[in-house]
1. Find the residue count for the range 120-173, including only residues that are buried (at least 17 other Cβ atoms within 10 Å of the Cβ), of a type in the set (G, A, S) and closer than 16 Å to A92 by Cβ.
2. Select from the range 170-197 the residues that are in contact with a Lys or Arg (Cβ under 8 Å, 6 or more places away or on another chain) and either under 18 Å from Y96 (Cβ atoms) or modelled with pLDDT of 95 or more (or both) and list them in ascending order.
3. So, in the range 80-94, exactly how many residues are part of a helix (DSSP H, G or I), within 9 Å of the chain's Cα centre (by Cα) and under 26 Å from Y150 (Cα atoms)?
4. Is there a residue being in contact with a Lys or Arg (Cβ under 8 Å, 6 or more places away or on another chain) and surrounded by 18 or more Cβ atoms within 10 Å (Cβ to Cβ) anywhere in the range 85-94?
5. Looking at (1) among the hydrophobic types (A, V, I, L, M, F, W, C); (2) over 25 Å from D181 (Cβ atoms); (3) in a helix (DSSP H, G or I); (4) touching a residue at least 12 places away in the same chain (Cβ under 8 Å), which is the one condition that is false for I77?
6. If you go through the range 113-127, how many residues are in contact (Cβ under 8 Å) with a residue 12 or more places away in the chain and either at positive phi or not basic (K, R) (or both)?
Amino acid sequence: MIFLTLPIQKNENDQLLPGLQMAPRRSLSPPPYTGSTSVALTVSAPPASVASAVSATSSAPTVDLSPKDQLMKRLNIPLHLSNRANHNISIAYEKYKTCLQATHTLNKMVADGTWSRDDKPSNTSLIEVFTSKSMWFSHYKPAFSKISQYPEMVKWLEDSDEKGSSLEVWGVEKANYSLVDLRKFVENGTLADGEKDELVDKKGKEREKKGKEKEGKGKEGHDLKDGSGKKSKKKVNKTGIKEKSFKGKQK
């Protein structure tokens, strides 16, 4: 509790000067607690720089996906399968299987109405997510459409833990195998026979070519026939000019 004391001024007769009165002592302590208190909170606005930064973040433009990217996203096609620079035969087989699965999924979505029939992409558009149309029909389809007939090759292509060695599966061991190799395998059941037949055929063509070259060459001093059908031989005189001598009866 705080008390305020003021000096008292008096005149010569020990009387208080006019205008000055003794003020009663008052307590400057806070009022007693009444049981309820209200507190007013004031929240100031954020600085202009902070507000502008938040506004710029919320209004950032969205990146539009290309039709190909939209197709891959909706059909859950892995990004690495759209890389055409990778010619690994196992990746090619994965592309083939994923394309067939994506086609099935697309047709199902169109049938149940979750994909608009008017917006359905063509088969070519779907194929070209993975490879070119020409490569698909010239190599992918001929090689992989019949591969299910060879379970051991399927294991090898899928890199299964149960796969056999390259020599056991292909019949020939190579550092790399191509789609051309796989087409030969599908046609012959093994790559070994295909390469053997190709080698034999190549050697046969070489022999045939050499035989024709020999037939085209004539022998020196071979027999010639004149207009009367009598045989004659070439003779070379001293001047180096060839002349004909005819055999027959002299008249």
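The values are calculated or read from the model by the stated rules, or taken from the named source; none is laboratory data. Quantities reported herein were computed from a predicted structural model and do not represent experimental measurements. Every residue, glycine among them, receives a Cβ derived from its backbone with ideal geometry; neighbour counts consider all protein chains shown.
1. Selection size over the range 120-173: 1.
2. Selection gives D181, V186.
3. Matching residues across the range 80-94 total 1.
4. no
5. (3)
6. Selection size over the range 113-127: 6.
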